[in-house]
Amino acid sequence: MKARTTTHALPQSFSFGLQPAVGWSIILGFVVFTALCLATGLSQLLNLAFPAGALLVGVLLYIRYPILYHGFSWWMWFLTPFVRRLVDQKIGFMDPSPMLLAPFLVAMVTVITLGRHLPQLGHRAGFPFILVIAGVAYGFLIGLIQRPPVGVCLNFLQSLAPILLGFHLMANWRSYPAYRRNITHVFVWGVLIMGSYGILQFLVLPEWDRFWLISTELTSHGNPEPLAVRVWSTMNSVEPFGTFMAAGLLVVLSTSGALQIPAIIVGFLAFLLTAMRAAWLAWLIGLLAQAKSLKSSLQIRLLATFLVIALLLAPLTTMEPFSEMISERISTFSNLNKDGSVEARRNTYREIAGQAVTEVVGGGLGAASDRVDRTDADSAIDSAILTLLLNLGWIGTSFYLSGLLLLVFAVFQGSEGNFDPFVAAAHAAVLSAMIRLPVNDPISGVSGVILWSFLGVSIAARMYYQQLHQMTRTKLNNNL
């Protein structure tokens with residue numbers, strides 16, 4: 001007999017009571033320090049103080065308040081690039097910026113979780129993580145042999161930190177309900193705040209965003225003027241913001257509460273303003289998968305919510321100044337052969353693909369980006385598959401992809417999504433990330449945090465419900 005489980009969308013009570021008080025005091029102290037530096041001409045101090053302070057806060061929260069630590073980690077991924085732009089506008093553009101290390105350092109605190117559970121990693125649920133980490137470690141060692149250590153170490157952080165966060169969630173499966181509430185809360189507020197700023201960015205283009213866009217020379221983001229940019233909100237580029245919104249909208253659709261409708265409206269409008277076609281299609285496929293996995297009563301609720309939001313959103317997307325950007329990008333679906341970004345990607349793949357498939361040993365972490373620099377390609381290697389082959393070769397890639405596919409297979413073997421709307425959303429987020437492997441890089445950096453975190457929390461949910469059902473059966477048998 002199955003245990004009684006929740007069969008409705010998770011209600012949200014967005015109170016402003018900041019508990020635990022000590023944990024929030026630590027976070028607010030860090031926020032106030034950052035704001036004071038920005039306001040008093042000490043912005044340059046933040047280049048080192050910001051990542052160091054974030055790491056200190058992360059360690060303190062991890063030790064005392066692990067759920068709050070996890071929420072703090074999410075917000076570091078969301079907001080650090082925005083704070084970096086504020087600093088750069090005041091002191092001058094710096095690339096690479098040490099401030100961008102902050103979310104990676106906070107995430108790397110979870111290496112403690114890996115150490116604690118190392119003896120149990122042979123367990124079926126943990127074994128795929130061993131394979132993936134082994135692939136990354138292989139690329140790290142090969143990279144140290146062939147290229148400068150600083151760049152290799154930075155790529156190591158980008159690759160390993162998201163995986164550790166996913167493992168951390170899986171390892172704490174007994175606290176799954178608390179992590180579910182935390183992630184849901186963070187994503188509702190994240191979609192609302194980042195979506196609202198994204199719309200403001202498109203309409204106004206604040207000076208710090210304009211300065212950053214000119215300094216980076218990211219022509220793919222549009223012209224550095226209002227109404228002419230692809231939205232990247234508080235993040236570092238369009239792709240990670242589009243990846244976050246694709247997952248965030250799926251999560252918000254699984255909730256209920258006062259903030260659900262406004263969050264989805266501003267979030268979806270900002271999502272459309274990214275003009276990121278791959279993320280749009282991935283989100284749509286994820287939504288269909290999310291609806292299919294739910295039981296009929298929850299499917300009806302999801303469909304009704306989506307129809308209400310579509311009716312409210314439709315007038316916004318068909319009026320200026322939004323309609324021109326959105327309709328122009330949508331129209332390219334019918335004629336991809338004449339699309340400049342598609343042609344640039346084809347040229348890159350044409351030059352790189354042959355080299356990638358013949359890599360046995362690999363060039364080590366960072367080899368893919370070096371290869372683009374040498375070929376003077378018009379765009380970076382967006383494909384995660386090609387990047388893995390160039391970096392890890394067939395040896396490291398076989399470990400990495402084997403572990404990743406084992407985790408994905410385990411996620412979709414479970415039936416928890418039938419009665420837990422959050423799990424259905426997590427599964428959909430995993431699927432929407434995986435189908436973009438050939439054309440984007442959803443496995444490392446900020447985008448990788450989305451994939452690995454939802455893989456980890458999905459496995460945690462499955463282990464939690466299995467234990468719950470087992471305890472229920474044992475209790476029933478004892479009562480007979």
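Observations, loosely collected:
- Within segment 294-308, if we keep just the residues that are surrounded by fewer than 21 Cβ atoms within 10 Å (Cβ to Cβ) and touching a helix residue (DSSP H, G or I) at 6+ places or on another chain (Cβ under 9 Å), the residue that is farthest from residue 241 (Cα to Cα) turns out to be 295.
- Screening segment 432-442 for residues that are in contact (Cβ under 8 Å) with a residue 60 or more places away in the chain and either over 23 Å from residue 350 (Cβ atoms) or of a type in the set (Gly, Ala, Ser) (or both) and picking the one that is surrounded by the most Cβ atoms within 10 Å (Cβ to Cβ) gives 432.
- Taking the criterion of being surrounded by 22 or more Cβ atoms within 10 Å (Cβ to Cβ), aliphatic (A, V, I, L, M) and part of a loop (DSSP other than H, G, I, E, B), the residues of segment 201-243 that qualify are 231, 235.
- Scanning segment 140-150 for residues that are in contact (Cβ under 8 Å) with a residue 40 or more places away in the chain and either within 22 Å of the chain's Cα centre (by Cα) or part of a loop (DSSP other than H, G, I, E, B) (or both) yields one hit, 147.
- Subset tally (residues that are surrounded by fewer than 22 Cβ atoms within 10 Å (Cβ to Cβ) and either over 21 Å from the mean Cα position of the chain (by Cα) or within 11 Å of residue 232 (Cα to Cα) (or both)) for segment 191-200: 3
- Residues of segment 251-265 satisfying the condition of being within 18 Å of the chain's Cα centre (by Cα) and farther than 17 Å from residue 181 by Cβ: 264
- Members of segment 445-480 that are touching a residue at least 40 places away in the same chain (Cβ under 8 Å) and of a type in the set (Lys, Arg): 462, 473
- Residue 42 surrounded by fewer than 16 Cβ atoms within 10 Å (Cβ to Cβ), modelled with pLDDT under 95 and closer than 26 Å to residue 244 by Cβ: no
- Residue in segment 162-184 that is in contact (Cβ under 8 Å) with a residue 24 or more places away in the chain, more than 25 Å from residue 423 (Cα to Cα) and among the aliphatic types (A, V, I, L, M) present: no
- Checking segment 52-75 against the condition returns no match, with no residue being modelled with pLDDT under 95, more than 21 Å from residue 174 (Cα to Cα) and among the hydrophobic types (A, V, I, L, M, F, W, C).
- For segment 102-126, filtered to residues that are surrounded by fewer than 16 Cβ atoms within 10 Å (Cβ to Cβ) and assigned to a helix (DSSP H, G or I), the residue that is nearest to the chain's Cα centre (by Cα) is 111.
- If you go through segment 303-325 and keep only what is under 16 Å from residue 262 (Cα atoms) and touching a residue at least 40 places away in the same chain (Cβ under 8 Å), you end up with 305, 306, 308, 309, 312, 313, 316, 317.
- Segment 263-279 - residue that is closer than 17 Å to residue 433 by Cα and in a helix (DSSP H, G or I) and, of those, modelled with the highest pLDDT: 271
- Selection count, segment 439-480, where residues are among the charged types (D, E, K, R) and under 30 Å from residue 136 (Cβ atoms): 2
The values are calculated or read from the model by the stated rules, or taken from the named source; none is laboratory data. As the structure is a prediction and not an experimental result, all values here were calculated from the model. Positions of Cβ are backbone-derived with ideal geometry, glycine not excepted, and every protein chain shown enters the neighbour counts.
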